[in-house]
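Novice: I'd like to ask you about the structure that follows.
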Amino acid sequence: MKVWKFFLGLVLLITFSVSFTLAEENEKDGEAAAEAVEITEGAESTEEGDETEANSEGGSDEEVKEEDDVLVLTTKTFDSVVKKNDIILVEFYAPWCGHCKSLAPEYAKAAKRMKEADPPVPFAKVDATVETELGSKYDVSGYPTLKIFRKGEAHDYEGPRDEEGIVNYMKQNSDPNWKPPPEAVVTLTKDNFTETVSSEALMLVEFYAPWCGHCKRLAPEYEKAAQELKKNDPPIMLAKVNADEEKKLAQDHGVTGYPTLKVFRKGKASEFKGSRNQWGIVDYMRNQVGPSSKEMSSLKALRDFMKERGELVIVGFFSDANEKLYATYLEANNDIRDDYPFAHTFDTAAKKYFGITKSSIVMFQPEKFGSKFEDKHIVFKGNDPKSEDIQKFYEDKRIPLVGQMTSYDQQKKYTKRPLCVVYYDVDFGFEQRKATQFWRQKVLEVANDHRDITFAIASESDFENELKEFGLDDSGEEINVGCFDDKNRKYRMEPDDEFDEDSLREFVENFKNGNIEAIVKSQPAPKKNTGPVTVVVGNTFEEIVMDPKKDVLIELYAPWCGHCKALEPVYKKLGKHFKDQPNIVIAKMDATANDVPPEYAAEGFPTIYFAPANNKRNPIKYDDGERELKDLVKFIEEKATVSLTKAKEEL
């Protein structure tokens, strides 16, 4: 019995010992597995339990891969990695991008060195063609785009793009004592506005609203431009006005939308017409420095200037620099100096040569665009004019009776409608000049009788896409004609192998009298259109968007647009939110494959318009808000002109 008890006790002791050992090993294995999951690049190993904390903060259990010492981030892993690091450098790239391929080895070598630096700085990359939402969120519009994230907040990387340069730049930025440079943009209020803008020879002022999405996107570009223009000689000041707080200042300067940019010269404001990015602002403002017109000291200098340009030239003839008309001329030209070549002279021989008997502003068209129906030059006839009177003169007289429309000046000179364009092999070179003018003379005869229409000739090789939209790209004829009416609708002259003045005249008269059917570029209408977002095409735009009984929100998108793809799930939710509202339509249209009326023009993608039931010809552009569901819902509810039933709570 004692032996039996001894063996039983021994068995229990062994069993307990084995169980304890296995439990201890399992616990160690569990700890090791937890530690293996943690991402430790660029930071010290964290204590047990960090992973649980990261997940509770919105992180992801998905493993983060690493290639050549660079973390590969996705939408799922991005936030958890970026937010846990005090500083991290992220490259947004496209696999097909040549610049990205050139950067890759430099970026990888820099990543390896910064991984071992003190303090270490992790490097990461995102394929922005796959992770389109991330690209859209951080305004990635070109490749590669590098951004520094500090505690999750994005800042533009502005350093070199070679190994040594990247390392040095990131060491400076990761220094614990690093501080951002002082803001270069000057803040103006009612207390210092007038004094500041009146004392500066040239400056730029932004009127903004803190809640405006476009203002937020412009802010870093505007600051970078300000930093650059501080170095100019002389420096050019950039300033900003919070129009929410300084309402009267904004009202006094005609601010109706945000951001509004205005150029000031000694207190006099003019419109900013440059691109709204760092170098667009810098280039435009540098071009505003100095007089708006070039002085020609002699007749020879003036004739050479006109000959070199080979285009419309505007010349001021004055007695001396103290003349009031001279000062008004320079002022009028200030904000349109990029639109025309301006010159002026005080030379009496130049006045005599051109038959100018008193101080005048004169417009000269190139000789090739002359005709028996027009004066050789046009003289401004106003007395004691204001700047706007002179600018109107330029606008009204700048186009000859039949000029040449080019891809360069189409948007500057040929936006007025109605417009008729004759497409052929336009070439004013020596060998083709005679043939070019032969056809132009025929157009002139018709244009002279229909001066309410703008006429132009255009080289068919420059406007292949436009000819395609007219259905004339395969006409096989030497001459093709297309017209645009005052609503920008297209009309084509049927190809004629015996094109002449009479056939053109007949077509133009039929066009004016409404005897020709417009051409509408349109995809086929979908057979089923019952989804939350109504699909619109060119041929159904009038029926759906212009329905006078319904308010319509229409998104104009491009299939290749990353921002449009990012908006798609939100826009679909918007459609579902209003699905029970019979008089609210949420719609979309591929603006690259369908025509729209000019008042609904897509100025970028996506462009969103609200078409009120009671005012279809004046749509409201969704401009300043964020593209989140709650913001779009609020916009529709504020602008709605139809009665809304109580919507289901979805937000």
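The values are calculated or read from the model by the stated rules, or taken from the named source; none is laboratory data. Here the structure is a predicted model, which is why all the values come from computation and not from measurement. Every residue, glycine among them, receives a Cβ derived from its backbone with ideal geometry; neighbour counts consider all protein chains shown. Ligands, DNA and RNA are stripped out before the accessible areas are found, and what is left, the full protein with its side chains, is counted by its heavy atoms. Shrake-Rupley method; radii C 1.70, N 1.55, O 1.52, S 1.80 Å.
Novice: Quickly run through region 254-264 and pick out the residues that are over 21 Å from the mean Cα position of the chain (by Cα) and at pLDDT 95 or above.
Specialist: Phe264
Novice: Okay, next question. Quick one: in region 308-326, which of the residues that are exposed (fewer than 14 other Cβ atoms within 10 Å of the Cβ) and acidic (Asp, Glu) is farthest from Arg398 (Cα to Cα)?
Specialist: Among them, the one singled out is Asp320.
Novice: Still on this structure, please answer the following. Only one residue in Pro144, Pro122, Pro105 is open to solvent by less than 30 Å² (accessible area, probe 1.4 Å) and farther than 25 Å from Gly562 by Cα, so which one is that?
Specialist: Within the list Pro144, Pro122, Pro105, the selection yields Pro122.
Novice: Okay, moving on. List the number of the failed condition for Pro582; all other conditions in (1) modelled with pLDDT of 95 or more; (2) open to solvent by 30 Å² or more (accessible area, probe 1.4 Å); (3) farther than 30 Å from Tyr143 by Cα hold.
Specialist: Here Pro582 meets the rest and fails (1).
Novice: Please tell me if Ala613 is under 30 Å from Tyr258 (Cβ atoms), in contact with a Lys or Arg (Cβ under 6 Å, 6 or more places away or on another chain) and either in contact (Cβ under 8 Å) with a residue 12 or more places away in the chain or not hydrophobic (A, V, I, L, M, F, W, C) (or both).
Specialist: yes
Novice: Please return the ranges of strands (runs of 3 or more DSSP E) entirely within region 236-283 where 2 or more residues are open to solvent by 70 Å² or more (accessible area, probe 1.4 Å).
Specialist: It comes to 268-271.
Novice: Among the residues of region 291-307, is any of a type outside the set (A, V, I, L, M, F, W, C) and either open to solvent by less than 30 Å² (accessible area, probe 1.4 Å) or within 28 Å of the chain's Cα centre (by Cα) (or both)?
Specialist: For region 291-307, residues of a type outside the set (A, V, I, L, M, F, W, C) and either open to solvent by less than 30 Å² (accessible area, probe 1.4 Å) or within 28 Å of the chain's Cα centre (by Cα) (or both): present.
Novice: Go through (1) without any contact (Cβ under 8 Å) to a residue 12 or more places away in the chain; (2) of a type in the set (Lys, Arg); (3) open to solvent by less than 70 Å² (accessible area, probe 1.4 Å) for Lys352 and report which single condition fails.
Specialist: Every listed condition holds for Lys352 apart from (3).
Novice: If a residue must be in contact (Cβ under 8 Å) with a residue 60 or more places away in the chain and under 30 Å from Tyr571 (Cα atoms), how many such residues does region 135-154 contain?
Specialist: Total meeting the criteria: 7.
Novice: Further, regarding this structure: Would you mind stating whether Asp127 is at positive phi, surrounded by 15 or more Cβ atoms within 10 Å (Cβ to Cβ) and touching a residue at least 12 places away in the same chain (Cβ under 8 Å)?
Specialist: For Asp127, the condition - at positive phi, surrounded by 15 or more Cβ atoms within 10 Å (Cβ to Cβ) and touching a residue at least 12 places away in the same chain (Cβ under 8 Å) - is not met.
Novice: Separate question: How about region 502-519: which of its residues are in contact (Cβ under 8 Å) with a residue 60 or more places away in the chain and not charged (D, E, K, R)?
Specialist: Once the filter is applied, which keeps residues that are in contact (Cβ under 8 Å) with a residue 60 or more places away in the chain and not charged (D, E, K, R), region 502-519 yields Leu504, Val508, Phe511.
Novice: Which count do you get for residues in region 275-290 that are touching a residue at least 60 places away in the same chain (Cβ under 8 Å) and either in contact with a Lys or Arg (Cβ under 8 Å, 6 or more places away or on another chain) or within 13 Å of Asn334 (Cα to Cα) (or both)?
Specialist: 3
Novice: Among what's in region 473-506 and is within 31 Å of the chain's Cα centre (by Cα) and within 12 Å of Tyr423 (Cβ to Cβ), pick the residue that is surrounded by the most Cβ atoms within 10 Å (Cβ to Cβ).
Specialist: By that ranking, first place goes to Cys483.
Novice: Only one of (1) open to solvent by less than 60 Å² (accessible area, probe 1.4 Å); (2) free of Cβ contacts under 8 Å to residues at least 24 places away in the same chain is not met by Thr530, so which one is it?
Specialist: That leaves (1) as the condition not met.
Novice: Here is a further query. Kindly check whether there is at least one residue in region 538-560 that is open to solvent by 50 Å² or more (accessible area, probe 1.4 Å) and touching a helix residue (DSSP H, G or I) at 6+ places or on another chain (Cβ under 8 Å).
Specialist: For region 538-560, residues open to solvent by 50 Å² or more (accessible area, probe 1.4 Å) and touching a helix residue (DSSP H, G or I) at 6+ places or on another chain (Cβ under 8 Å): present.
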